[in-house]
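The values are calculated or read from the model by the stated rules, or taken from the named source; none is laboratory data. Here the structure is a predicted model, which means the values were calculated and not measured. Positions of Cβ are generated from backbone atoms using ideal geometry, with glycine treated the same way; all protein chains shown enter the neighbour counts. Remember, those area values only see protein heavy atoms, side chains included, never the ligands or the DNA or RNA. Shrake-Rupley method; radii C 1.70, N 1.55, O 1.52, S 1.80 Å.
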Amino acid sequence: MGNKPKSSFNVNQDDIPEVIRDNPVGPPQSQASSSIPLKLIAASFGIIILALLALLALWPRPQPAPEVVTEPSPTPSPIDNLLGHLPYEEAPLGELKNIIPDGRLKLRQAAADQFLLMQRDAKTQGISLVAISAFRTVTEQEQLFFAIKQQRNQEARQRAEVSAPPGYSEHHTGYAVDIGDGSAQATHLSETFAQTKAFDWLENNAAKYSFELSFPPDNPQGIAYEPWHWRYVGDRPSLELFYKARNLPQKVQSNP
């Protein structure tokens, strides 16, 4: 039998050139496979950006500091006054002590003790301190104000320049005392008392006993100068009574 002719499809690999064998025809595999990771990376970036946006939306924003509104201090309302004089309550009689032997003049216990001590100490230095007036009831002040006003034919405002109306005198408190010089009686209840030895001694020593001049020249209350009128401020009640802030009237003429 003769030899069969070789099929044209039965190609021996050895007959294919090397270049064709190593680079077969068709789309390169690397391009198809590389497009998948790029899509995944792009999707991942999108998810991360969305997550960041969500976090930013939930992140607490700094709140502006609250505006501090400072309210103005309330203006003190004017305290009740009558013809320029301030009101004072009458001291309880049980809290008063005699400062002269006949018992006509009294002060509150603490004020009385310090006045008597001051009087004794001044006497050892040749100074005669005389108590002229001390505690007064509202009734006594009423007589002093209205009866003398009538006798002198004075108007109420005119009388108030030299005497406080009842209920408006420091003498009601039991802390105030009018002091004179026993060796110069003509100066009692007069500005001339300021030229006496007794007044000079008081100016230099009264503070040691917790007494102060109620109405010095050009005092903030505007009350006329009264060198004879002194008040005790040696305990809390007296200090609060005379020094609590008040919207005071100005240029009151007197408060004997």
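Some notes on this structure:
- Some residue of segment 113-134 being open to solvent by less than 20 Å² (accessible area, probe 1.4 Å) and more than 17 Å from GLY182 (Cα to Cα): no
- Test for GLN185: is it over 41 Å from the mean Cα position of the chain (by Cα), farther than 27 Å from ARG108 by Cβ, polar (S, T, N, Q) and surrounded by fewer than 17 Cβ atoms within 10 Å (Cβ to Cβ): no
- When segment 207-221 is limited to residues that are in contact (Cβ under 8 Å) with a residue 40 or more places away in the chain and among the small types (Gly, Ala, Ser), the one that is least open to solvent (accessible area, probe 1.4 Å) turns out to be SER214.
- Pairing residues of segment 88-116 that are under 16 Å from SER238 (Cβ atoms) with residues that are of a type in the set (S, T, N, Q) and modelled with pLDDT under 95, at Cβ distances under 8 Å and at least 6 apart in sequence or on separate chains, gives TYR88/SER169.
- Residue within segment 96-111 that is acidic (Asp, Glu), on the phi < 0 side of the Ramachandran plot and in a helix (DSSP H, G or I) present: no
- Condition check for VAL130: modelled with pLDDT of 95 or more and within 15 Å of SER169 (Cα to Cα): no
- Candidate set from segment 105-163 (those that are among the hydroxyl-bearing types (Ser, Thr, Tyr) and touching a helix residue (DSSP H, G or I) at 6+ places or on another chain (Cβ under 7 Å)); member that is nearest to ALA186 (Cα to Cα): SER128
- Among residues of segment 140-160 that are at pLDDT 85 or above, none has a Cβ under 8 angstrom from a residue that is surrounded by fewer than 10 Cβ atoms within 10 Å (Cβ to Cβ) and not in a loop (DSSP other than H, G, I, E, B) at a sequence gap of 6+ or on a separate chain.
- If you go through segment 161-182 and keep only what is at pLDDT 95 or above and among the polar types (S, T, N, Q), you end up with just THR173.
- Residue, least open to solvent (accessible area, probe 1.4 Å), within segment 135-158, restricted to residues that are within 40 Å of the chain's Cα centre (by Cα) and among the aromatic types (Phe, Trp, Tyr): PHE145
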